[in-house]
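What follows is a set of notes on a single structure, which appears directly below.
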Amino acid sequence: WWGRALLWCVLVAAWEAAWGQLRYSVPEEMPKGSFVGDVAKDLTLKLPALRAREARIFDTGRTQYFVFDLQNGHLSMKERVDREKICAAVAKCVLNFEILVKNPVNLYRGEVEILDINDNSPTFPERNSVLEISEYTAPGTRFPLEKAQDPDIGVNSLQNYECTESTYFTLDVKNGDDGMKYPELILVKSLDREQQAAHNLILTATDRGTPVKSGSTTIKIIVLDGNDNAPEFTQPVYKVTVREDVAVGSRLLQVSATDRDEGPNAEVKYSFFKITEKFDKTFKLDPESGEIEITQKLNFEEQEFYELDVQARDTGGLSSHSKVLITVADVNNHVPEIVIMSVLSPVPEDTPLGTVIAIFSVQDRDSGANGEVRCSIGGRLPFLRESPDGTKQPELVLEKSLDREKQRNHHLILTAVDGGDPVRSGTAQIKINVTDANDNPPVFTKDIYKVRLLENLPESSLAFQVKATDGDEGTNAEITYSFSDIANSPHHLFTLDSRTGDVKVAGPLDYEEGKYYEVTVEGKDGGGLSAHAKVHIDILDVNDNAPAL
């Protein structure tokens, strides 16, 4: 009757249904020990009862940021949190936690939103830069400038650029496909190197936090003489989609630009223009061919979109720019992880049905179908079912009665399988030990013992032995023997060893006085269960009397 039990459950990567019992929010950079929320109050838990129970808090990440105090029921900061380090540019930074309270087992889930503060100023990669422009460059030509970085979000992040006034240049700010703002310098008046060989501008980036923060860089524009045709790209924007498991060294695409000049002025070199250090380590651009290849393994979960600015520059110093948009496609490269949170072991064999034996969680860091997980359970054990509160939190629940005498240990294998192609799976093992309950009474080897004794059997001699066994263990299996009744015989004729079941002669037997006795023997175990057996004793005559005249 211990058939294999199986239940499939789907755990979607976005666990909105599972996280929602408790919601708090705190600003980033709060000191260690700062108050987050009154968990006991919000869950209507009584503090005296809560203090008497064992509780643990689990953070879903690798670092535990919160601590739960059983004395006052408060959730507090365990570590100072820098929102930019843990969530980067994610709009809503949420840390999930679970509080496991035992005796009885309850699991409470919650989330803490880390609110951004304006603790970062916009910064440029370089404090000074040089831009070389030919005096033949036509008005209306655009020159992308290095953009500033601000790790804050919302109004605290970079909001605008400003540039010092110039009769030759004006500033235009564009919104990129990645949501970033890109400053571009537009030439509004023809340059004349003989009149002015250099121009100095200050580019300032500002946010809208409180207080407003800003950062600046100096741009020196050098006017070049000669070469009057800049390279022209075949496309203003190049787009490509690539799987995240593409091999390092693979070619992504090729950019191409032509120059209408002749000779050295028509020779074009390609380069990335002012890209971040991380992007520069991930991609390589061949300066001669314009081919872009991958130099570092991609990871969809860390970066799913790249926007690169590519420059084509001729030997005369003229240049043009094009954008390369790279979209990373998710592949199923993460194995589902099973985390055992609580296990009840050992388990008494008389444990009531419906008792929660174990609680565990399953997660997969992939997205979409690759992150959808199905759970199954193997082994001759109580089986998996969804939590009754509808959160799909897997639980191991006792569904059938246990019997230690048939099976003392149960080995459970939990398997989580995702919906990707190829399918990936993860496993975890749980061992359950079953302890004894006094559910087996003693059993005598015979219902009726038949004994024949000579009447001249000496006192203290072993007359016979009764024996009972008990399927339990320990104290529950220790049997004590006693006479419950002796019919047709004085009690002093026989003694019963309560431990061994040996029955010895205690007084003289006499065939002429008593030929038959019937004895009832009781065997009682340490748990109070008992059994009985009958003993029929026949006394045999010996020639111990002389003839009488």
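The values are calculated or read from the model by the stated rules, or taken from the named source; none is laboratory data. Just so we're clear, the structure is a prediction, and the values are computed from it rather than from any experiment. Positions of Cβ are backbone-derived with ideal geometry, glycine not excepted, and every protein chain shown enters the neighbour counts. Accessible surface is based on the protein model in full, side chains and every heavy atom, while ligands, DNA and RNA are left aside. Shrake-Rupley method; radii C 1.70, N 1.55, O 1.52, S 1.80 Å.
Distance in nm between label sites at Asp541 and Lys189, each 7 Å beyond Cα in the beta-carbon direction?
For Asp541 paired with Lys189, the spin-label model returns 15.2 nm.
Taking the alpha-carbon distance from Lys189 and a cut-off under 17 Å, which aspartates and glutamates remain once sequence neighbours fewer than 8 residues away in the same chain are dropped?
Hits, sequence-local ones excluded: Glu132, Glu135, Glu165, Asp172, Asp225, Asp228.
Going down the table (Lys78/Lys278; Lys147/Lys239; Lys213/Lys284), which pairs top 26 Å between alpha carbons?
Pairs exceeding the cut-off: Lys78/Lys278; Lys213/Lys284.
Do any of Lys181/Lys323; Lys446/Lys504; Lys85/Lys174; Lys467/Lys515 go past 21 Å between their Cα atoms, and which?
Beyond 21 Å: Lys85/Lys174; Lys467/Lys515.
Straight-line reach from Lys400: which lysines fall under 23 Å, measuring Cα to Cα and dropping same-chain residues less than 8 apart?
Hits, sequence-local ones excluded: Lys102, Lys392, Lys431.
So I have (1) 21.9, 72; (2) 43.0, 170; (3) 28.8, 93, and one of them is Rg and Dmax of the Cα atoms in Å calculated from this model. Which one is it?
Only one option fits the structure, namely (2).
Cα-based Rg (one decimal) and Dmax (whole number) for the stretch 22-115, in Å?
13.4, 43
In whole Å, what three semi-axes, largest first, describe the equivalent ellipsoid of the stretch 128-224 built from its Cα gyration tensor (square root of 5 times each eigenvalue)?
28, 13, 10
Under the Kirkwood approximation for Rh and a Cα-based Rg, what ratio Rg/Rh is obtained for the stretch 111-171?
Ratio value, two decimals: 1.13.
Report the dimensions of the stretch 269-364 along its three principal axes from the alpha-carbon atoms, largest first, rounded to Å.
Sorted largest first, the three principal extents are 90, 20, 17 Å.
For Ser482 and Ala197 in the same chain, what is the full-extension length gain: residue separation times 0.36 nm, less their Cα-Cα distance, in nm?
90.6 nm
Going from most exposed to least, what order do Lys85, Lys147, Lys446 have by accessible area with a 1.4 Å probe?
Descending order: Lys85, Lys446, Lys147.
Return the percentage of antiparallel bridges among DSSP beta bridges fully within the chain, rounded to the nearest 5 %.
Antiparallel bridges make up about 80 percent of those DSSP assigns within the chain.
With each pseudo-label sitting 7 Å past Cα toward Cβ, what's the Ser498-Arg23 distance in nm, one decimal?
6.8
Counting only DSSP beta bridges with both residues in the stretch 443-540, tell me the antiparallel percent, nearest 5.
80
Roughly to the nearest percent, how much of the accessible area of the chain is carbon and sulfur, given a 1.4 Å probe?
Carbon and sulfur atoms account for 48 percent of the accessible area of the chain.
Run the paramagnetic zone check for Val173: 7 angstrom along Cα to Cβ, then residues of the stretch 97-137 with backbone nitrogen under 16 Å.
It comes to 121-124, nothing else.
Could you state the accessible area per residue of the chain in Å², with a 1.4 Å probe and every protein chain left in place?
On a per-residue basis, 52 Å².
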